[in-house]
Amino acid sequence: MFATVPSQGIQPRPFTVDEYYRMGKAGIFHPDERVELIDGLIIRMPPQGPLHAATVARILACLLALIAPENGTVCIERPIALDEYGEPVPDVTVVTPDPEGDYYSTRHPGPSDVLLVIEVADSSLGKDLGIKRAAYARAGIREYWVVDVETRRLHRFSDPQDGLYCNAVVLGESDFLSPDAFPALSISVADLLARRK
């Protein structure tokens, strides 16, 4: 049984990306443990259920069909380097093509490389709309979508300024949207959502 410690005055100590990698190399994390670093906090990533995994696959298929490789690279569960204290692992990311032509083999994409971040939420909606949205906005990620598989809605955030997204909208299955980086595209929200039984 753990003793209860008063929370007043307790300040968590944030970890840097460098420390996070050293912990990984030292074997502190279990090899199968899925974690990410957000605002200096090491956060467990929940396991993907079938609906979550199917939704990620649908989003990937849709974006790969619409975005030409010379305009953007679509990635699944690829870390992005936000700052010294943040390296989240979004479900889907669209990044600019690597200027060196090697799919970012020497570094993770940073905020200036990221065109769109998409998180799929089944059990993680609070985290995706809270700590992750705040971290992405502070880093200047230009557009962020959260696909809520339970309510079958898409939360769209764009135009980050002073650490906040100035534009926020919630779209339903009958709606269409165009990513800011690809205004000629028209994407159906329904096409991004896996079907439930």
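Only one of the numbered conditions (1) under 17 Å from the mean Cα position of the chain (by Cα); (2) at pLDDT 95 or above is not met by Leu171, and that is (1).
Is there a residue being β-branched (Val, Ile, Thr) and outside any strand (DSSP E or B) anywhere in region 160-175? Reasoning before the result, please.
Taking region 160-175 as the starting set, the residues that turn out to be β-branched (Val, Ile, Thr) are 169-170.
Restricting the remaining residues to those that are outside any strand (DSSP E or B) gives none.
The answer is no, given that none of the residues of region 160-175 is β-branched (Val, Ile, Thr) and outside any strand (DSSP E or B).
Here Ala65, Ala61, Ala57, Ala53 are screened, and the one residue that is in a helix (DSSP H, G or I), in contact (Cβ under 8 Å) with a residue 12 or more places away in the chain and surrounded by fewer than 16 Cβ atoms within 10 Å (Cβ to Cβ) is Ala57. In region 81-100, of all residues being open to solvent by less than 50 Å² (accessible area, probe 1.4 Å) and hydroxyl-bearing (Ser, Thr, Tyr), the one that is farthest from Trp145 (Cα to Cα) corresponds to Thr96. Out of the residues in region 101-145 that are of a type in the set (Lys, Arg) and within 15 Å of Gly86 (Cβ to Cβ), state the one that is most open to solvent (accessible area, probe 1.4 Å). Result: Arg138.
The values are calculated or read from the model by the stated rules, or taken from the named source; none is laboratory data. Only a predicted model underlies this, so the values are computations on that prediction, with no experimental measurement involved. Reconstructed Cβ throughout: ideal geometry from the backbone, glycine too, with neighbour counts over all protein chains shown. The protein model used for the area step is the full one, side chains on, heavy atoms only, and it has no ligands, DNA or RNA in it. Shrake-Rupley method; radii C 1.70, N 1.55, O 1.52, S 1.80 Å.
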